[in-house]
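Before any comments, here is the structure.
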Amino acid sequence: MRIDKLSIKTVTIAIFLMVGIVAIILSLFAGAYFRQAAMDAQVGSLSRVIEVASQEILRDVSKQTFDLGMKLGHNKQLIQTLQETDGEAAHERLTTLLDDPFINGFVGFAKINLVKLRVYSPDLALVAESSAGITGLENYLSEYLVARVTQRSKTERLQAIDALWLSAKGPMYSTLVPVGGLRAVGYLEVIVDPVFNLPDIGNITKTPISVFSMAGAHININEQVDTDSLLPVEFILLTFAGEPAFRIVGYEDVSRLSKTMEHTQMVTTGGFLLLTLITLLFALWLFSRFLFVPLGQMVEGMKQIAQGKLNLTVNKKGLHEFSTLAKSFESMANQVKIRTNDLERLLDLDNSAILCFGHDGEAVYFNKGATALFGYQDDEISDLDLGDLFSEDIVQLMKDAVRLNAAVQGNALHIQLGCIRKDGHAFQSDAVINPLDVMGGFGYTIVLNPVSDETDDGLTNYLVNSIEQNEQRMHAVEQSLNSILEIAKNNPGMISGVGDLERPALPGLKTDDDKRLLREQVVQVMQSALACWEHDLNKTKLDLAEESKIWPVYIDKSTPTTRTLDKYLHTDSCPKNPRNQRVIDTAEFVLRQMNRRTTLGRRQLQQALDDFRGLISGLKTAKK
Amino acid sequence: MKFFVLFFSVIFAGILIAGEKPYAPEKMPGTTIVSAEEVIEMILANPELVVIDSRKKTEYIKGHIEGAMNILNTELVLEDLEFIVPDRTTALLFYCNGVRCLRSSDSITRAARWGYTNLFWFRGGWKEWTEKRLPVVTD
């Protein structure tokens, strides 16, 4: 799909829509990620809590086993028997001593699940073990404990050592303490099953807990947990050697968290979207206020000016760039208007009747010769067409001429036409009909020279010469107009006159007559403007100076005066080099304030302004 | 107004100071400070060493260092000490609950005043001993 033309409004709204859609998608994505991140954080946090709780449980186990180990380690019978060397009998006595806690109990019996008691020689060889408790354990100390003990110095070996280790019967927790106190004669290993204590993790974390073996067996099977609405959080409890021992799963009730997150997500997303919407609407309003509306008005004004309404002004409100563009366009239009006035005045100087018609045959322009010849007033011209003025069908004549390619020199057609005056009087006139572009359409320019009834050769020759001269003038005027329009169309900034108008005075005024004429015209414009301002708008001269901000207001003895403006109202006091642009600005300001009201004063002011512009233009042309 | 502000500031500071337990001195003149491992080595190497537990009896019963006798610092009198350790050059080792316990340092001060010259101080005390999971005797 190829897009050739798009309005600024369409493009802007499309961009805003895209921004809005992207904002919605982003907010939804952000919400989902936020939710997932919160869940992950919750899982990580609970996993850490389970880890700390499991360490706490093992610490409790260690305390119990240490106390039991110390109690037994200082048992004099055990110490003595361990030192005896009478083999089998001593072994039996040791076994009996080690079975005693299983049979008679001990302090903290209910807090741990004692599964085995073993005694070792100082070089860690197994001497004896309790016959009570589980069977099937390896008959040696776990490798981890052996490594820890052998790494230690003699004094350090008196310290108790704990270890969670993997036995043939699953993970076991052992505490190794010296037998005989500071004068150790061997070691006692207290072995307990940690599965008995691990479910207590749930009491610390305040969540349901399931403990699984690494093979996947559910160990604390007695606790049934309804996990449907709970978030499972897993923690792997490692042995002291770093091997996985248990899989502990805590179940977190995340319904409240989910509800809170949903609420937070809704509020943040909604807030974000609301802010985005408000921002976009505000931006759209700004665009509309300072771009779309002024641009539309400017384009409309430009269109009307392009259609020939050169008296209109282009909207200059809105963005600075558009204001500059509008001013440039208006300056260009003023130049065109001035040139057009020049041309019209030039055409009025001609004795021939020059008429211009549009593509529908409607009258567009009559010079003074034409209005005099046909007897119409200026305001009646716009209601006329070819049929009202000529007895022949001009359009058909031109078509025939083009088809036959006869009597045509260049594009012009030389012919004698029957003409009809306003009062109905018919007369014959030599005519040169020239096809022409009129306001972008096809039209005709007709130059007429009435034929006298007298038939002497001198007059005939005069008429022939006159027709040729008219034709030459017409070509000159056309070329001039085309060149001006071309310049205006392609290069508005290059048109001279705008800068000239802003100059304080015209340097081309060389003669005193020129200067006097200019001053008179200045005074004429200013008087017309002031008259219009005072009579039609019922305002004072002081108001004009203050509201237009063109003329300074002075305070003389507490009375506001307009000394500068006053100078421009009389020829005697008018400066020798008057500020022409100020005069033009004043006249235009008054015309704008009239707001399309048509009064005699306005017409006079407009006429004076046009004459003044024409004078300036004429003077500049003369200068060139 | 200033008086009240000053008054309450002093009261508040006093409460804070009272709530904070003081530390035992870093060192004591004429006394050798030893660690837990050095205590073990001294006990094993010197059968004449007298270890005195300056804590309360209830604390002593819950657990103490092997061979230690319990004499609370406030109950330590010259007659009893002379009876237990007549020779004032005999090695005497004192301990209590730890660095925040002032009982053993008080006992050492008394013993030094009474002329005992071979004094050792296990400043880390019971806290250090149990943290290192060394053998304890419970009664």
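Summary table below
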item: Filter result for B:Glu26 (open to solvent by 70 Å² or more (accessible area, probe 1.4 Å) and under 13 Å from the mean Cα position of the chain (by Cα)); result: yes
item: Qualifying residue in region A:204-211 (condition: of a type in the set (Lys, Arg) and more than 14 Å from chain B (Cβ to nearest Cβ)); result: yes
item: Members of region A:306-342 found to be of a type in the set (S, T, N, Q) and either assigned to a helix (DSSP H, G or I) or under 31 Å from the mean Cα position of the chain (by Cα) (or both), listed by number; result: A:Asn315, A:Ser323, A:Thr324, A:Ser328, A:Ser331, A:Asn334, A:Gln335, A:Thr340, A:Asn341
item: Selection within region A:181-198 - within 14 Å of chain B (Cβ to nearest Cβ) and open to solvent by less than 10 Å² (accessible area, probe 1.4 Å); result: A:Gly181, A:Leu182, A:Gly186, A:Leu188, A:Val190
item: Enumeration of residues in region B:97-123 that are in a loop (DSSP other than H, G, I, E, B), in contact (Cβ under 8 Å) with a residue 60 or more places away in the chain and either surrounded by fewer than 19 Cβ atoms within 10 Å (Cβ to Cβ) or within 14 Å of chain A (Cβ to nearest Cβ) (or both); result: B:Val99, B:Arg100, B:Leu102, B:Thr117
item: Test: residue in region A:202-216 that is assigned to a helix (DSSP H, G or I) and exposed (fewer than 15 other Cβ atoms within 10 Å of the Cβ); result: yes
item: Test: residue in region A:541-554 that is open to solvent by 60 Å² or more (accessible area, probe 1.4 Å), part of a loop (DSSP other than H, G, I, E, B) and without any contact (Cβ under 8 Å) to a residue 40 or more places away in the chain; result: yes
item: Test result for A:Leu46, of a type in the set (A, V, I, L, M), at pLDDT 90 or above and either open to solvent by less than 70 Å² (accessible area, probe 1.4 Å) or within 28 Å of B:Val137 (Cα to Cα) (or both); result: no
item: Filtered residues of region A:64-101 (kept if of a type in the set (D, E, K, R) and touching a helix residue (DSSP H, G or I) at 6+ places or on another chain (Cβ under 9 Å)); result: A:Lys71, A:Glu84, A:Arg93, A:Asp100
item: Residues located in region A:74-106, provided they are in contact (Cβ under 8 Å) with a residue 24 or more places away in the chain, loosely packed, with under 13 Cβ neighbours inside 10 Å and farther than 24 Å from B:Gly67 by Cβ; result: A:Ile103
item: Filter result (small (Gly, Ala, Ser) and not in a helix (DSSP H, G or I)) within region A:240-281; result: A:Ala241, A:Gly242, A:Ala245, A:Gly250
item: A:Thr155 open to solvent by less than 30 Å² (accessible area, probe 1.4 Å), without any contact (Cβ under 8 Å) to a residue 12 or more places away in the chain, more than 30 Å from A:Ser255 (Cα to Cα) and not basic (Lys, Arg); result: yes
item: Qualifying residue in region A:107-119 (condition: closer than 18 Å to A:Thr239 by Cβ, within 14 Å of chain B (Cβ to nearest Cβ) and surrounded by 19 or more Cβ atoms within 10 Å (Cβ to Cβ)); result: no
item: From the options A:Ser131, A:Ser153, A:Ser142, A:Ser167, residue that is over 60 Å from the mean Cα position of the chain (by Cα), within 14 Å of another protein chain (Cβ to nearest Cβ) and farther than 14 Å from A:Val179 by Cβ; result: A:Ser153
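The values are calculated or read from the model by the stated rules, or taken from the named source; none is laboratory data. All of these numbers come straight from a predicted model, not from anything done at the bench. Ideal geometry is used to build each Cβ from the backbone, glycine not excepted, and the neighbour counts take in all protein chains shown. We work out accessible area using only protein heavy atoms, side chains counted, and drop any ligands, DNA or RNA first. Shrake-Rupley method; radii C 1.70, N 1.55, O 1.52, S 1.80 Å.
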